[in-house]
Amino acid sequence: MEMVVIYGAITLHRDYIRSIDFIKSLEDHLKFPEISTSDFGLGDYNRYYHENNLMYDYSWNNMIISYACTTGAAIFDDGNLDLFILKMEHVLRNIDFAKAIVHIQSVESSENADLFWEKREHRYFDSQLDLEEQHLFETDEWNFGYGRRSLTGYLIDSEENIWHSLNEHPYPAILSEKYFRNFVDRIKQAGDDWVSMSDLEKAFLPNQIELRRIINYLGFKKTISVKTENGQKWIRVVRPDFLNIELFYK
């Protein structure tokens with residue numbers, strides 16, 4: 001299998017302890033594409049003083065954690081990059097970050113992708129003109145952009161590469177509402193019982209890729225539990241409040 005290298009950096013604002021505690025809570029055996037605790041270099045406090053005064057401004061007192069892992073070339077296929085973005089955004093949503101940048105590079109081909117986030121409270125680009133010039137998407141949580149950038153967000157890539165990424169992976173990355181509703185309806189009918197993965201696969205034919213994306217994402221958020229018994233995979237909801245479709249797609 002062709003290997004892909006993923007690496008990046010996340011600048012934290014102030015709450016190092018809460019951020020690191022969340023990253024440590026991630027599991028190390030997640031489904032593809034994986035994002036796990038062992039992928040992160042957690043760093044430590046860096047406190048800067050000037051004339052015996054502690055500098056609290058986040059631009060002076062950033063703590064940086066690194067992210068690095070290897071994976072398969074399938075990261076670029078069948079919505080897997082979209083799923084990686086959803087998983088990474090779940091991490092960012094739960095830590096006190098300011099900026100994040102991730103580079104994904106195939107070892108054997110020219111296939112690559114670059115991802116950038118800046119949290120809304122700490123963003124450098126906030127005018128409509130800035131967003132357009134830097135090809136950034138504004139959400140109620142952050143600005144997001146494809147393409148090679150500095151850690152501040154300045155675009156250093158060609159527009160051609162940006163539009164290629166957008167054509168292949170429209171943003172925001174989101175699970176198909178149609179298939180998500182189908183999954184939720186079926187899983188809720190089971191109540192507290194375990195549901196056979198093979199039954200779900202039959203119900204989702206010929207769209208098993210969408211089923212896999214849904215299960216991987218909900219498993220990552222610990223909304224469902226997955227077990228294997230006698231060679232058969234089973235699924236059960238453990239956090240039904242997280243299956244509120246209206247909140248998920250609002």
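Read the figures in this text as sums done on the coordinates, not as results from a lab. It should be emphasised that the depicted structure is a prediction, and the values quoted were computed from it without experimental measurement. In this analysis, Cβ positions are derived from the backbone assuming ideal geometry, glycine residues included, and neighbour counts consider all displayed protein chains.
Charges were assigned to the Cβ only: +1 to each Lys and Arg, -1 to each Asp and Glu. The resulting dipole of region 3-168 about its Cα centre is roughly 640 debye. Peptides 212-223, 63-74, ordered by how many other C-beta atoms sit within 10 Å of their residues on average, highest first, read 212-223, 63-74.
Ranking Leu83, Tyr171, Gly231 by how far each Cα lies toward the positive end of the dipole of the chain (charges on Cβ) leaves Gly231 at the top. When each of the peptides 157-163, 114-120, 136-142 is scored by how many other beta carbons lie within 10 Å of its residues on average, the order from highest to lowest is 114-120, 136-142, 157-163.
Summing +1 for each Lys or Arg and -1 for each Asp or Glu among the other residues whose beta-carbon sits under 13 angstrom from that of His103 gives -1. Against the chain, whose longest principal axis is taken from its Cα atoms, helix 208-220 shows a tilt of about 60°.
Legend: calculated FRET efficiency, Ser38 to Leu129, from the Cβ-Cβ distance at R0 = 51 Å, rounded to 0.05, equals 0.80. Relative contact order for region 3-168: 25 percent, from Cα pairs under 8 Å spaced at least 6 residues apart, divided by residue count.
Applying 1/(1 + (r/R0)^6) with R0 = 22 Å to the Cβ-Cβ distance of Ser109 and Ala68 gives a FRET efficiency near 0.65.
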